[in-house]
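The values are calculated or read from the model by the stated rules, or taken from the named source; none is laboratory data. Predicted model, so just to flag it, every value in this text is computed and none were measured. Note: ideal-geometry Cβ built from the backbone for every residue, glycine included; neighbour counts use all protein chains shown.
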Amino acid sequence: MSAHSPEQIDSSPEPLDGSTEQLAMHPLRESLYEEMHSRPFQVIPSPARISHLSVLCNEQQKLDQFRHLQRLCDHFGTPVPQEDVPCYQGQFGDLQVRREKHLEFVSFTFIWLNGGSRDPFAETGVTHLPAGWLDGIPGQVVAAFHVSVEDARDKTEPSIPEVKSFFETMRLVGSQPSQGCAQVWTSFNMHSDDFGRFLIYNREMSDSQLGRLVQRLLEIESYRLMTLLGLPLARSISPRLQQMDLQLAELTEVLSGDIAECDERQLLARLTKLASQVEAYRAQSTFRFNATNAYQDLVLSRLNDLREDEVSGHLTLQEFITRRLVPAVRTCQAVADRLEDLSRRIDRVSDMLRTQVELSIQGQNQELLSSMDQRSKIQLMMQHTVEGLSVAAISYYTIGLMKIFLGVLYDQGLEIDKSLALGISMPVIILGVALITRRIHSKFSKLADESAKQE
């Protein structure tokens, strides 16, 4: 028998169609789904001509870039985008345009689908853009390079000397990614047109596989250059850090000596100036060095995704990049660590100086208190002396008044011995004045003690 009565069982029917209308949905749920599809890999056929730019810019320049992109759409007579999305893709006949927004830069990719001349760089992805449009992109260009894709299935690949001529006889770096399904050549140099160059010979890849390969190469080159942005900053900071290190060592040596011979204000001023300089360098470099580490991780990840095979006699992309990129990143990290270490040491020296100053102040306060205590004793002795003199003075004037009073009584006919009466009253007056003065002194002393206890 069931342990529950029929009244205790919820017999409301459940929806059979799997509806979630009653569920509370997170407001970001839809955007989280869309994020995974915001930057899709492109499908690139062979042959193709591609140009890529990475432009360093601020938020206002990103907005100006979007308006500049709207003018390009208007020029080609295609629908003009109204919203500045993270990734825009437009088709203008045989020209594809892709714009991606990143944290501190924006990338533009231009793909021309009709490339096929013998010289792979005679025609590029930006050749068919309106005159002057490329020069009007707001921001500072960090990466700019062409990628030429050739189909090696229809024609034989050129010899290495011929490939070298496409790169203006510069030293080549080459590899066979995806286990030899393609051949990639580059020089990692700027050429006469101020653009870098990549040459890809597609051997067995589909258009989707080729699109993923091109996307990885674009990201590797862009992130490589963004990584290296921190190196000039590290090199400019490093000599100054050496000077500040020596200054801090000098201050520490001074503090380790006789504190009585130190000018504490001057030491504190020098230490404060040194700390402000270190903090200024940290503010200037923290973001750049953190970005350097993040970009390096992306570069190494994309290089691993290539799955390169070595070309005899040539460095692979991974070998060439990591040989110089990793030391550059370690230089930035070393400068960042040095800044942090210098900041901590300045804090310790500041604490040491502060402690010595406090001890010096305490010593001065102790001397001051001892001096005040001695002064208080002298004042107390003077007070007792004044009190004695006050008793004598008040008694003298009171006895004088008594003498006048007795004279008045005698003149009025009262038979008294004025000398005897005055002699009898004198000790009484002196004793009374002394008792009253003592009582007043005791009362004020009691009030002072109660006040001290309350404090």
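Please pick out the residue among Tyr201, Tyr223 that is assigned to a helix (DSSP H, G or I), crowded, with 20+ Cβ neighbours inside 10 Å and aromatic (Phe, Trp, Tyr). Can you show your working first?
Values: Tyr201 fails: assigned to a helix (DSSP H, G or I).
Of the residues listed, the single one that is assigned to a helix (DSSP H, G or I), crowded, with 20+ Cβ neighbours inside 10 Å and aromatic (Phe, Trp, Tyr) is Tyr223.
Between Phe145, Phe105, the distinction of being within 29 Å of Gly174 (Cβ to Cβ), in contact with a Gly (Cβ under 6 Å, 6 or more places away or on another chain) and aromatic (Phe, Trp, Tyr) belongs to Phe145 only.
Residues in segment 204-220 that are buried (at least 20 other Cβ atoms within 10 Å of the Cβ) and either over 18 Å from Glu100 (Cα atoms) or of a type in the set (Val, Ile, Thr) (or both): Met205, Leu210, Val214, Ile220.
The condition (being touching a residue at least 12 places away in the same chain (Cβ under 8 Å) and surrounded by 10 or more Cβ atoms within 10 Å (Cβ to Cβ)) is satisfied by just one residue among Ile361, Ile430, Ile436, Ile424: Ile430. Take the conditions (1) buried (at least 20 other Cβ atoms within 10 Å of the Cβ); (2) in contact with a His (Cβ under 8 Å, 6 or more places away or on another chain); Trp133 misses just one of them, which is (1).
Based on what the data block shows, is Phe108 buried (at least 16 other Cβ atoms within 10 Å of the Cβ), aromatic (Phe, Trp, Tyr) and outside any strand (DSSP E or B)? No: the conditions fail for Phe108. The residue list Gln82, Gln91 contains one member that is at pLDDT below 95, among the polar types (S, T, N, Q), in the same structural domain as Leu218 (by TED's automatic domain parsing) and closer than 25 Å to Ser46 by Cβ, which is Gln91.
Inside segment 269-314, can you point out the residues that are more than 18 Å from Leu225 (Cα to Cα) and of a type in the set (Gly, Ala, Ser)? Within segment 269-314, Ala269, Ala275, Ser276, Ala280, Ala283, Ser312, Gly313 qualify.
Is it the case that segment 275-288 has a residue that's without any contact (Cβ under 8 Å) to a residue 24 or more places away in the chain, surrounded by fewer than 16 Cβ atoms within 10 Å (Cβ to Cβ), of a type in the set (Asp, Glu) and part of a helix (DSSP H, G or I)?
Within segment 275-288, the subset without any contact (Cβ under 8 Å) to a residue 24 or more places away in the chain is 276, 280, 283, 287.
Add one more test, that the residue is surrounded by fewer than 16 Cβ atoms within 10 Å (Cβ to Cβ), and what stays is 276, 280, 283, 287.
Subset that is of a type in the set (Asp, Glu): none.
Checked against the condition, which is being without any contact (Cβ under 8 Å) to a residue 24 or more places away in the chain, surrounded by fewer than 16 Cβ atoms within 10 Å (Cβ to Cβ), of a type in the set (Asp, Glu) and part of a helix (DSSP H, G or I), segment 275-288 yields no hits at all.
Surrounded by fewer than 19 Cβ atoms within 10 Å (Cβ to Cβ), under 22 Å from the mean Cα position of the chain (by Cα) and small (Gly, Ala, Ser), is that true of Ala269?
no
Filter segment 310-326 for residues that are of a type in the set (S, T, N, Q), without any contact (Cβ under 8 Å) to a residue 24 or more places away in the chain and in a helix (DSSP H, G or I) and give the result. Within segment 310-326, just Thr322 meets the criteria.
Answer yes or no: is there a residue in segment 57-64 that is acidic (Asp, Glu) and free of Cβ contacts under 8 Å to residues at least 60 places away in the same chain.
yes
Condition check for Glu387 on (1) surrounded by 10 or more Cβ atoms within 10 Å (Cβ to Cβ); (2) modelled with pLDDT under 75; (3) within 60 Å of the chain's Cα centre (by Cα): one failure, at (3).
Counting only residues that are in contact (Cβ under 8 Å) with a residue 12 or more places away in the chain and out of contact with any strand residue (DSSP E or B) (no Cβ under 6 Å at 6 or more places or on another chain), which one in segment 151-165 is surrounded by the fewest Cβ atoms within 10 Å (Cβ to Cβ)? The qualifying residue surrounded by the fewest Cβ atoms within 10 Å (Cβ to Cβ) is Arg153. Screening Ala452 with (1) modelled with pLDDT of 75 or more; (2) in a helix (DSSP H, G or I) gives one miss only, at (1). Residue pairs whose Cβ atoms lie under 9 Å apart, separated by 6 or more positions or on different chains, with the first residue in segment 384-398 and not assigned by TED's automatic domain parsing to the domain that holds Ser425 and the second assigned to a helix (DSSP H, G or I), do not occur.
Does Ser148 fit the bill of being surrounded by fewer than 17 Cβ atoms within 10 Å (Cβ to Cβ), outside any loop (DSSP other than H, G, I, E, B) and among the polar types (S, T, N, Q)? No.
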